[in-house]
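Okay, structure first, notes after.
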Amino acid sequence: MKGFRSFILRGNVVDLAVGIVIGAAFTAVVNGFVSAFLTPLVGLATGVTGDMGHKTFTVGATEFPYGAFVNAAISFLLLASALYFLVVLPINKLHERLAPHHDVQAPKRDCPECLSPVPAQARRCASCTVPLPAVPAVPAQAGETTQRAG
């Protein structure tokens, strides 16, 4: 039971569940908006009037319902953009503000045996476990130790 609880409470599962629920609830609203407002606008732009969801073209004896595809494509774009701007972007900004991620990269050098990158101050390679030579101390620059006269 403990493993199942940790699986359910993991961030990816909760994010996925929220996305599915919001997407399913918002689909009817987006489809209604597309069929009531955007499809007629696309029809006006292309010279086709009426409900574009029932528009087809025929090749031989086969009908191709391109209007249904146009409705579905517009619905998808609206749904994806609404979810991004109303859910994903605010959550990401909130997460960044509450738990900022500062990725500090330590200087690296190559292992002389396996050539894998290791931190410069490491004494042993993490990949092949070979002892690494000591890093020589960096001498202070001449300008830092002298004082200005004047």
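Here is how the numbers come out for the structure above:
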read-out: Boolean, ILE22 is part of a helix (DSSP H, G or I), touching a residue at least 60 places away in the same chain (Cβ under 8 Å), among the hydrophobic types (A, V, I, L, M, F, W, C) and surrounded by 12 or more Cβ atoms within 10 Å (Cβ to Cβ); value: yes
read-out: Looking only at segment 93-121, and only at residues there that are at pLDDT 85 or above and polar (S, T, N, Q), the one that is least open to solvent (accessible area, probe 1.4 Å); value: SER116
read-out: Filter result for GLY32 (open to solvent by less than 70 Å² (accessible area, probe 1.4 Å), modelled with pLDDT of 80 or more, more than 30 Å from VAL130 (Cα to Cα) and not hydroxyl-bearing (Ser, Thr, Tyr)); value: no
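The values are calculated or read from the model by the stated rules, or taken from the named source; none is laboratory data. Please read these numbers as outputs of a predicted model, since none were measured by experiment. Note that each Cβ is placed from the backbone with ideal geometry, even for glycine, and that neighbours are counted across all protein chains shown. Quick note on the areas: whole protein, heavy atoms, side chains included, nothing else; ligands and nucleic acids left out. Shrake-Rupley method; radii C 1.70, N 1.55, O 1.52, S 1.80 Å.
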